[in-house]
Each structure stands twice: as C-alpha cells, then as structure tokens.
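The values are calculated or read from the model by the stated rules, or taken from the named source; none is laboratory data. Bear in mind that the values here come from a model prediction, so they are computed numbers and not experimental data. FYI the Cβ positions are ideal-geometry reconstructions off the backbone, even for glycines, and counts take in every protein chain you see. When the accessible area is computed, the model is the full protein with side chains, heavy atoms only, and any ligands, DNA or RNA have been set aside. Shrake-Rupley method; radii C 1.70, N 1.55, O 1.52, S 1.80 Å.
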Amino acid sequence: MATRWGIASAGKISHDFVTALSTLSSDEHQVVAVAAQQLSRAKTFASEHNIPHAYGSYDELAKNSDIEVVYIGTINTMHFDIAKLMLEAGKHVLCEKPLTLNLKQTKELVSLAKQKKLFLMEAVWSRCFPAYEALRKELEAGTVGEVLQVIVSFGVVIDEIDRLRLKELGGGTTLDLGVYVLQFAQLVFGPSAPESVVAQGYLNENGVDTSTSVTLKYKGGKTATLNTHSKVKLPNEAYVIGTKGTIKVIEPFWCPTTITTPEKTKEFILPTASKPFNFTNSAGLRYEAMEVRRCLRQDLLESPKITHEDSIILAQLEDEIRRQLGVVYDQD
C-alpha cells in the first residue's frame, strides 16, 4: 500500500519535494492533499501536481483521515506549531530543517511524538543520500585511518532573502546553513555532542547572523572547523581528514553526488524529473521520502539516519552558537 502524504505549505521546497516524489512509484508514494495559508496558493499547487485536495488552513489538512504522514515545508517559525498540530491529530511528521527554532521546542516535539507513538523526523536530507551512505562505509572501513579533523563550509549569497534576513522569520545562517555543517561534523565525530563550542560571527541590522566561524572540539584530539556565510560563496565542500589521507565530499556537500577517497572517486547519478526544481539536486529529496516509507513499514518511530537524539544535539549546538553570537528569537 502506498504511503499517503499531506503537504504543509505550497512554497518552493514543497514543490521540489512533491516533484521528487514523482520520480518514485505511485504504488509506494501518493500525495493526498496540500495546505497553505491562502487557499488560492494551495489550489494552484494542487493543480500543478495533480493533488486531489487543497486546503486554506493547516487544521483542515490535519483533519483529513486519509493522510498518513505530513511533510512540513513552511518557514522556520511555523515548524513547531504545525508539527505539534499534526502529531496531535495522529499524523506522522517529516519536518524541514531546522526541526524547530530552539532546544526547548525540539524536546517538546520529540516528547509528544514518543507519547503519541508517532514517527517524527527532521528532514536533514543529506543523511539519506547514497553519497553519505558511501561516506559512512569508508569511515567504518577506516580508509583514511583515525579521523582527527573535519572542515566544512556552506556559503551562498542569500542575505537579501527575508527568511534569512529577518529575526521574526527565524533568520540567520545558523539555522539555515549551519544545520548542514553541524550535522556533517556530528556524522563523522558523533553521536555524542562535542566537548566545547567556540563561535564568532557577524550580525545584520536585524540581529541575526550573516556569517559564522565555529570550532567544535571533540574527545581524542578531534576538531571540526565550520563556516557559514550569506554574503559570499564559500567552497561548499566537506573534508574528512585522517592519519592516512582525506575523504572529500564534493560541492554541494549537503546534497552530493560525488565523494573522493585516496584511492577512488565515487559518483552517484540523480534521477531526472518531469518538472524543473527550485534548488540544487532536489531530486535527492526522494531519498528521505524513501527512508520515511521504510521506517513506517518497519514500525520505527525515528530514523536511524537522523535520530531524535541527533536532532536534540543539533538544536543544542544551534542554541549555543546563537548564544555566543548574541542571536535571540522571541520564542527563546
């Protein structure tokens, strides 16, 4: 039986997610309904993607008994409330990163999901890519010896976009780009949190960060050097450096199709879709949808690729970086 999806938001990332779903079998994935704050936007989206139902409120989406799991693609500030609404209505949830704005909200959602015995996953899609699976295998095999250093940067010129520029929209690079560099460090050095975090950066006139430079210190002489920027393009590659060499995850490291090791280059081809995408390599959103279906079919309440504990540690790190930079949201 197909996994039956509801889509919360008719924005760009929701378009890409539904388009990525179209690269998978309709016997396995079906979109039942879409909701937006404006019914007209939901109807346009539904028409474009051949979705049976369109709603002008998230409450209506939550009440559709045919929906099994809801994908949340709204702006950051709405994640918590919508995820809570859907969990309360008995829906499983795949919520775009950052799962919420802070640790307090993240813990509440995780607790609610566990209480309701529902699946909850932060959509850190990177973790579901075949290239990341290959990276995990190289790390397990000890290809580059003992890994002591991770270097990752994520910088793109997006400082004029409201969702990144404005505090009231949960802006700043820490939640938008930082989650990707942090999850990469945690993938290599985790699962436990680093021993210390040192962060510096610049804030804009609205009090959110336009750039960050973060050092994470882990046990055993391990360090991660992470950079984010919204005013300049950075290399956007990830380096895993060990005593016997380096693994490089080629740009875009957050949705990669190529990794290199001292011995070889591994490439992974993304499928093509019938409609154009808004963002880089969005066809890869199919992998997290496949992971959600796998987990639901196996009665798992969290994905081993991005666990509840992973999301809690990411939220802790994001909170600490914002604290050191002086970025405070009303929700804090």
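According to the square roots a ≥ b ≥ c of the eigenvalues of the Cα gyration tensor, what is the shape class of the range 193-332, taking rounded for a/c under 1.5, prolate for a/b larger than b/c otherwise, and oblate for the remainder?
Rounded, because the longest to shortest axis ratio a/c is under 1.5.
Can you send over the solvent-accessible area of LYS167, 1.4 Å probe, protein chains only, in Å² to the nearest 10?
Spelled out: LYS167, probe radius 1.4 Å, area about 60 Å².
What is the sum of charges, Lys and Arg at +1 and Asp and Glu at -1, for the other residues whose Cβ falls under 14 Å from the Cβ of PRO52?
Once positives and negatives cancel, what remains is -1.
I want the local charge near GLY220. Using Cβ-Cβ distances under 15 Å, sum +1 for each Lys or Arg and -1 for each Asp or Glu among the other residues. Write down the numbers at each step before the final one.
On the way: positive: LYS217, LYS219, LYS222; negative: GLU146, GLU195.
In short, +1.
Rounded to the nearest 5, what is the percent of antiparallel bridges among the DSSP beta bridges in the chain?
Roughly 55 percent of the DSSP beta bridges within the chain come out antiparallel.
Among MET290, PHE268, SER196, which residue has its Cα furthest toward the positive end of the charge dipole of the range 183-306, with +1 on Lys/Arg Cβ and -1 on Asp/Glu Cβ?
Positive-most Cα among the choices belongs to PHE268.
I'd like to know which of CYS128, THR106, VAL157 lies farthest towards the positive end of the charge dipole of the range 27-172, counting +1 on Cβ of Lys and Arg and -1 on Cβ of Asp and Glu.
So the residue furthest toward the plus end is THR106.
Given the DSSP H assignment, sum -39500 (n - 2.57) over each helix run of at least 4 residues in the chain and divide by its residue total; what's the result at 222 nm in deg cm²/dmol, nearest 500?
It comes out at -10500 deg cm²/dmol, rounded to the nearest 500.
Return the single residue from GLU108, GLU28, GLU263 with maximal mean-square fluctuation; model: Gaussian network over the chain, springs between Cα atoms under 10 Å.
Sorting by GNM fluctuation, first place goes to GLU263.
Quick check: net charge around LEU164, other residues with Cβ under 15 Å of its Cβ, Lys/Arg +1 and Asp/Glu -1?
-1
Could you order HIS92, HIS29 by accessible surface area, starting with the largest, using a probe radius of 1.4 Å?
The residues order as HIS92, HIS29, largest area first.
Please label the shape of the range 28-113 as rounded, prolate or oblate, based on the square roots a ≥ b ≥ c of the eigenvalues of the alpha-carbon gyration tensor (a/c under 1.5 means rounded; beyond that, a/b larger than b/c means prolate, else oblate).
Judged from the Cα gyration tensor, the range 28-113 comes out prolate (a/c at least 1.5, a/b above b/c).
Can you bin the range 96-167 into rounded, prolate or oblate? Criterion: square roots of the alpha carbon gyration tensor eigenvalues sorted a ≥ b ≥ c, rounded for a/c under 1.5, prolate for a/b above b/c, oblate for the rest. Spell out each step's value before the answer.
Values: a/c = 2.44, a/b = 1.24, b/c = 1.97.
Cα axes put the range 96-167 in the oblate bin.
Could you compute the FRET efficiency for GLU133 and SER40, with r as their C-beta to C-beta distance and R0 at 30 Å, rounded to 0.05?
The computed FRET efficiency comes out at 0.15.
What's the FRET efficiency of GLN115 with THR265 using the Cβ-Cβ distance as r and R₀ = 45 Å, to the nearest 0.05?
Once rounded, the FRET efficiency stands at 0.45.
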